[in-house]
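Visitor: Before I ask anything, here is the structure I am working with.
Computed from the coordinates by the stated procedures, all read-outs in this text should not be read as laboratory data. Keep in mind the model is a prediction, meaning the values are calculated, not measured. Methodologically, a virtual Cβ is constructed for each residue, glycine included, from the backbone with ideal geometry; neighbour enumeration extends over all protein chains shown.
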Amino acid sequence: MGIKSFIGRRAKPRRVSSEKIKVSDYMTRNLITFSPEQTIMEVMEILVKKRISGGPVVNQQNELIGIISEGDCMKQLSDSRYHNFPIEDLKVEQHMITNVDTIDGDMNVLDAANKFLESKHRRFPIIEDGKLAGQISQSDVLRAAMELKGQTW
């Protein structure tokens, strides 16, 4: 007597090509941005209120000119305490990072994962036609990987 299988016909696994999964498909377009004229205190208030760890600094033409992060704010807190200097007047433009790494929105999102690992950055801005178009974070890349479900790598 042979063994009978009661497993029904399985549906073909849905394959999503990782080649077509671009950074621009997963980046955040509606960003919280900062201006160079804002104070560090204003930035800290927004970071805490919005539960974000940093964001792009743009000029009036929406051109990326820097990044400000929790770490940058923490450094200013520490310095102001050490030098007994009030933090209220410190401006973003004096304390933001101006050498900003960006990535192309057409980049494969799994290649972007490697860029995150190589750079230790938490976010990358995306520039289109010289303007800030969006930002991709490590969690955006994880979301993309979950949608792929490991089927294509």
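Visitor: Just add up the charged neighbours of Gly54: K/R +1, D/E -1, any other residue whose Cβ is under 10 Å from the Cβ of Gly54.
Guide: 0
Visitor: From the phi of every residue in the stretch 96-107, what ³J(HN,Hα) in whole Hz does the Karplus formula 6.51 cos²θ - 1.76 cosθ + 1.60 yield, where θ is phi - 60° and glycine or proline is x?
Guide: 7, 8, 9, 8, 9, 7, 10, 10, 7, x, 8, 5
Visitor: Measure up Lys22/Lys149; Lys22/Lys91; Lys22/Lys49 against 26 Å on the Cα-Cα distance and list the ones that go over.
Guide: Lys22/Lys91; Lys22/Lys49
Visitor: Excluding His95 itself, calculate the net charge of residues whose Cβ lies under 9 Å from the Cβ of His95, where each Lys or Arg counts +1 and each Asp or Glu counts -1.
Guide: Result for the neighbourhood of His95: 0.
Visitor: Here's another thing I want to ask about it. Under unit Cβ charges (Lys, Arg +1; Asp, Glu -1), what dipole magnitude, rounded to 20 debye, does the stretch 19-148 have relative to its Cα centre?
Guide: Rounded to the nearest 20 debye, it is 420 debye.
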